[in-house]
1. Quick check, is ILE99 at pLDDT 95 or above, in contact with a strand residue (DSSP E or B) (Cβ under 9 Å, 6 or more places away or on another chain) and not in a helix (DSSP H, G or I)?
2. If you scan the stretch 80-110, which residues turn out to be surrounded by 20 or more Cβ atoms within 10 Å (Cβ to Cβ) and within 11 Å of PRO11 (Cα to Cα)?
3. In the stretch 121-132, which residue that is among the β-branched types (Val, Ile, Thr) and either in contact with a Gly (Cβ under 9 Å, 6 or more places away or on another chain) or buried (at least 17 other Cβ atoms within 10 Å of the Cβ) (or both) is modelled with the lowest pLDDT?
4. Go over the candidates THR82, THR52, THR16, THR38 one by one and state the one that is among the polar types (S, T, N, Q) and modelled with pLDDT of 95 or more.
5. Are any residues in the stretch 12-67 crowded, with 17+ Cβ neighbours inside 10 Å, among the aliphatic types (A, V, I, L, M) and in a strand (DSSP E or B), and if so, which ones?
6. Counting only residues that are of a type outside the set (Val, Ile, Thr) and closer than 22 Å to THR117 by Cβ, which one in the stretch 141-157 is nearest to the chain's Cα centre (by Cα)?
7. Take the residues in the stretch 10-53 that are of a type in the set (Val, Ile, Thr) and in contact with a Gly (Cβ under 6 Å, 6 or more places away or on another chain); name whichever of them is farthest from GLY156 (Cα to Cα).
8. Kindly list, by first and then second residue, each pair from a residue in the stretch 22-46 that is over 19 Å from GLY96 (Cα atoms) to a residue that is of a type in the set (Gly, Ala, Ser) and assigned to a loop (DSSP other than H, G, I, E, B), limited to pairs with Cβ atoms under 8 Å and residues at least 6 apart or on different chains.
Amino acid sequence: MTDINVEFINPFLIATVGILKDMCQIALKVEKPYIKNTEFADDSILIMIGVTGEMRGQIIIALTISNACDVASKMMMGMPVTELNDLSISAISELGNMIMGNTATILSTKGIGIDITPPTICRGNLSFTTSYAKNICIPFSYENKVIMELDIAVKGES
């Protein structure tokens with residue numbers, strides 16, 4: 001299993017913080033990254049996006065269902081979201097597209113070309129195993145509580 005180059009992490013952080021600030025008026029704080037087994041609780045919603053090109057792997061944006069509803073509500077101009085239905089799932093899915101699209105743009109300015117897959121939304125008690133790359137988990141907090149995490153399991157092509 002390969003270690004991830006720290007140069008690959010910062011574009012994900014910049015894009016995530018920027019998109020949540022611009023689209024949701026949420027000022028995220030980046031918490032301490034750590035290596036994580038990819039296991040998620042019953043109340044999780046995951047946005048999974050594959051990465052190909054000069055970097056390959058998987059990105060998972062994980063939120064609790066409650067936090068996903070809050071983020072979807074903010075994305076939809078304050079429309080109350082109390083459950084994850086087709087409209088709110090679409091908003092959360094688009095959040096993943098925006099974060100990864102911005103990440104791809106930032107990486108391209110560093111000479112790293114990537115493509116992303118359409119987001120896949122998963123719910124519930126899940127675990128994934130990867131032998132391809134270590135999974136780096138970066139929690140993000142807002143108002144002193146963790147509201148989402150970014151799980152990055154990618155490596156650069158040699």
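The values are calculated or read from the model by the stated rules, or taken from the named source; none is laboratory data. From a predicted model like this one, the values you see are computed outputs, not experimental measurements. Every residue, glycine among them, receives a Cβ derived from its backbone with ideal geometry; neighbour counts consider all protein chains shown.
1. Working: at pLDDT 95 or above: yes; in contact with a strand residue (DSSP E or B) (Cβ under 9 Å, 6 or more places away or on another chain): yes; not in a helix (DSSP H, G or I): no.
For ILE99, the condition - at pLDDT 95 or above, in contact with a strand residue (DSSP E or B) (Cβ under 9 Å, 6 or more places away or on another chain) and not in a helix (DSSP H, G or I) - is not met.
2. Hits for the stretch 80-110 are ILE99, MET100, THR103, LEU107.
3. Of the residues in the stretch 121-132, the ones among the β-branched types (Val, Ile, Thr) are 121, 129-130.
Next cut, either in contact with a Gly (Cβ under 9 Å, 6 or more places away or on another chain) or buried (at least 17 other Cβ atoms within 10 Å of the Cβ) (or both) only: 121, 130.
Values: ILE121: 95, THR130: 66.
The residue in question is THR130.
4. Numbers: THR82 fails: modelled with pLDDT of 95 or more; THR52 fails: modelled with pLDDT of 95 or more; THR38 fails: modelled with pLDDT of 95 or more.
Only one candidate qualifies: THR16.
5. Those that are crowded, with 17+ Cβ neighbours inside 10 Å, among the aliphatic types (A, V, I, L, M) and in a strand (DSSP E or B): ILE45, LEU46, ILE47, MET48, ILE49, VAL51, MET55, ILE59, ILE60, ILE61, ALA62, LEU63.
6. The initial filter retains those residues of the stretch 141-157 that are of a type outside the set (Val, Ile, Thr), namely 141-145, 148-151, 153, 155-157.
Within this subset, residues satisfying the condition of being closer than 22 Å to THR117 by Cβ are 148-151, 153, 155-157.
Details: MET148: 8, GLU149: 7, LEU150: 4, ASP151: 7, ALA153: 11, LYS155: 16, GLY156: 18, GLU157: 21 Å.
Checked the stretch 141-157; the qualifying residue nearest to the chain's Cα centre (by Cα) is LEU150.
7. Here is the first cut: in the stretch 10-53, the residues of a type in the set (Val, Ile, Thr) are 14, 16-17, 19, 26, 30, 35, 38, 45, 47, 49, 51-52.
From what's left, in contact with a Gly (Cβ under 6 Å, 6 or more places away or on another chain): 47, 49, 51.
Details: ILE47: 22, ILE49: 16, VAL51: 10 Å.
Filtering the stretch 10-53 for residues that are of a type in the set (Val, Ile, Thr) and in contact with a Gly (Cβ under 6 Å, 6 or more places away or on another chain), the one farthest from GLY156 (Cα to Cα) comes out as ILE47.
8. Between residues of the stretch 22-46 that are over 19 Å from GLY96 (Cα atoms) and residues that are of a type in the set (Gly, Ala, Ser) and assigned to a loop (DSSP other than H, G, I, E, B), the close pairs are ASP42/GLY124.
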